[in-house]
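Reading through the structure tokens given below for one structure.
The values are calculated or read from the model by the stated rules, or taken from the named source; none is laboratory data. Quick caveat, the model's predicted, so the values are computed rather than measured. Virtual Cβ from ideal backbone geometry, glycine too; neighbours counted across all protein chains shown. Please note that ligands, DNA and RNA were not included when accessible areas were found on the heavy atoms of the full protein model with its side chains. Shrake-Rupley method; radii C 1.70, N 1.55, O 1.52, S 1.80 Å.
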Amino acid sequence: MRYEFARLHAELKTTMIYVTHDQVEAMTLADRIVVLNGGRIEQVGAPMDLYQRPANLFVAGFIGSPRMNLLTGEVVAASAAGATVRTTAGETIRVAVDAASAKAGDRITLGVRPEHLSLSAEGDVLTAEVLFVEPLGATTMAHLKHPASQDTLTVQLAGGAPARVGESLTLHVPADQAHLFDAEGRAFSRL
């Protein structure tokens, strides 16, 4: 059906409004997406703009499959050139955002997409326990437990990656791929 809608849109060369709760349909069919929450507009933009630069926690958690990993913490240091945060588990992570409006001690939520985490003990890292592993051929999805998150974290690894239930994985968080949200859930602008 997605192919047929896309074909019709291209053939008719006309504006179409398509309402869906399926984010895959929205991401694949839309030139622009309006994300609504309880009848309120949360963000409007091109699909990849919403994915790469969500305006708030709602959009960050809604757009993307699997969803963005969200961890709680606080600001350690902040400036227009970036922020350093500490998760509630005690891990220190640098984030490439304009955090000029933040100050040390502010409560934050750190966001990172599953495909941006990588197996590495170098740089800024998180350590989480493997709960479940999904070998999918070209990729492996590992679902993890981390004390700074109420939800299960997900990491997308290469197919056949060594991940076993019960073991701990150390995952690198790249500063330029991480997201940061203030206590009200608003995103800090990424650099």
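When a 1.4 Å probe is rolled over the protein heavy atoms, the share of accessible surface on the chain that falls to carbon and sulfur comes to 53 percent.
Mind checking which of THR139, THR84, THR127 has the largest fluctuation in a GNM of the chain, springs on alpha carbons under 10 Å? Residue with maximal mean-square fluctuation among THR139, THR84, THR127: THR139. Considering the chain as a Gaussian network with a 10 Å cut-off on Cα pairs, which listed residue, ALA128, ALA30, ALA83, attains the greatest mean-square fluctuation? Among ALA128, ALA30, ALA83, the largest mean-square fluctuation in the Gaussian network model of the chain belongs to ALA30. Note that region 1-127 presents 56 Å² accessible area per residue, ligands and nucleic acids not counted, probe 1.4 Å.
What separates the Cα centres of region 136-168 and region 64-118 is a distance of 20 Å. Cut-off 16 Å, label point 7 angstrom out along Cα-to-Cβ of ALA183: give me the residues of region 109-126 whose amide nitrogen falls inside. Those under the cut-off are 109-110. Charges were assigned to the Cβ only: +1 to each Lys and Arg, -1 to each Asp and Glu. The resulting dipole of the chain about its Cα centre is roughly 220 debye. In the chain, the longest principal axis of the Cα atoms and the axis of helix 2-12 are about 50 degrees apart. Per residue, region 134-182 exposes 47 Å² of solvent-accessible protein surface, assessed with a 1.4 angstrom probe and all protein chains in place. Computed extension gain for ILE17 through ALA77, at 0.36 nm per residue and net of the alpha carbon distance, reaches 17.2 nm.
What nm value, rounded to one decimal, do you get for the distance between ALA6 and GLU122 when each label is placed 7 Å out toward the C-beta? Calculated label separation equals 3.6 nm. For region 1-50, the calculated P(r) over all alpha carbon pairs, in 5 Å bins from 0 to the bin holding the longest distance, is 4, 20, 29, 26, 13, 7, 1 percent.
With contributions of -39500 (n - 2.57) from each DSSP H run of at least four residues, the per-residue ellipticity at 222 nm computed over the chain stands at -4000 deg cm²/dmol.
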